[in-house]
Amino acid sequence: MADWRSQMETWLQEIAPLANQIDRDADKLKTVLQQMGDRSWLALKAAKELGGMGIDEVEYRRLQISLARTSGALTFLQTQHQSAVSKLIQSGNISLRSQFFPGVAQGKPLVGVGFSHLRRQGEPMVKARQLENEGYELSGNVPWITGYGFFDWFILGATLEDGRELYGLLP
């Protein structure tokens, strides 16, 4: 077992007695989420050169199971951040990535997601229109931002006129 893995297991044992408080108290949840950040555990699958742990999918799933045994709320919230980190890694925008890495591994900043509405059938809830000069104009209502109030930034998904998806980063 990697040294950081044993450190995480030890930390999980330490916070386990607080599980009910963590799952019910937003301040406690934010504290333990930041403790993960203090240990650089908020970009587990990101490459080490980006500040992450560089773990594979199987190890990531094992860690998710261990986290879920301790706190459902913590597992959910950090998973949203880890998902946002994965989206940032996939971005071809090097300038954007360098703005957020390696800080996101420490939760500086914390990033959530707002794109569950893209799975919804019917008229898109958030639309993006490409502007003539450069950039996009967004319109609509974001029905849900996971971790609203916890995260500093969120990745917003919008539907382009041709049906493709656009992802942008908003404070």
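The values are calculated or read from the model by the stated rules, or taken from the named source; none is laboratory data. These figures come from a predicted structure and were not determined experimentally. Methodologically, a virtual Cβ is constructed for each residue, glycine included, from the backbone with ideal geometry; neighbour enumeration extends over all protein chains shown. Only protein heavy atoms, including side chains, enter the accessible area calculation; ligands, DNA and RNA are left aside. Shrake-Rupley method; radii C 1.70, N 1.55, O 1.52, S 1.80 Å.
Key figures for this structure:
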{"quantity": "Relative packing of peptides 113-125, 43-55 - highest average C-beta neighbours within 10 Å first", "calculated": "43-55, 113-125"}
{"quantity": "Surface per residue (accessible, 1.4 Å probe) for segment 1-139, Å²", "calculated": "56"}
{"quantity": "Degrees between helix 26-38 axis and first principal axis of the chain (Cα, 0 to 90, nearest 10)", "calculated": "80"}
{"quantity": "In degrees, nearest ten, helix 72-90 long axis to first principal axis of the chain (Cα)", "calculated": "50"}
{"quantity": "Entries of LYS28/LYS108; LYS30/LYS87; LYS28/LYS127 with Cα pairs more than 29 Å apart", "calculated": "LYS28/LYS127"}
{"quantity": "Per-residue SASA entry for ILE155, accessible area with 1.4 Å probe, Å² rounded to 10", "calculated": "10"}
{"quantity": "Degrees separating the helix 57-70 axis from the principal Cα axis of the chain, which is the longest one", "calculated": "70"}
{"quantity": "The chain: antiparallel DSSP beta bridges as a percent of all, rounded to 5", "calculated": "65"}
{"quantity": "Per-residue [θ]222 nm for the chain (sum of -39500 (n - 2.57) over DSSP H runs n ≥ 4, rounded to 500)", "calculated": "-13000 deg cm²/dmol"}
{"quantity": "Percent of Cα pairs exceeding the 18 Å cut-off, where the set is segment 117-171", "calculated": "32"}
{"quantity": "Rounded percent of accessible protein surface that carbon and sulfur make up, segment 57-171, 1.4 Å probe", "calculated": "51"}
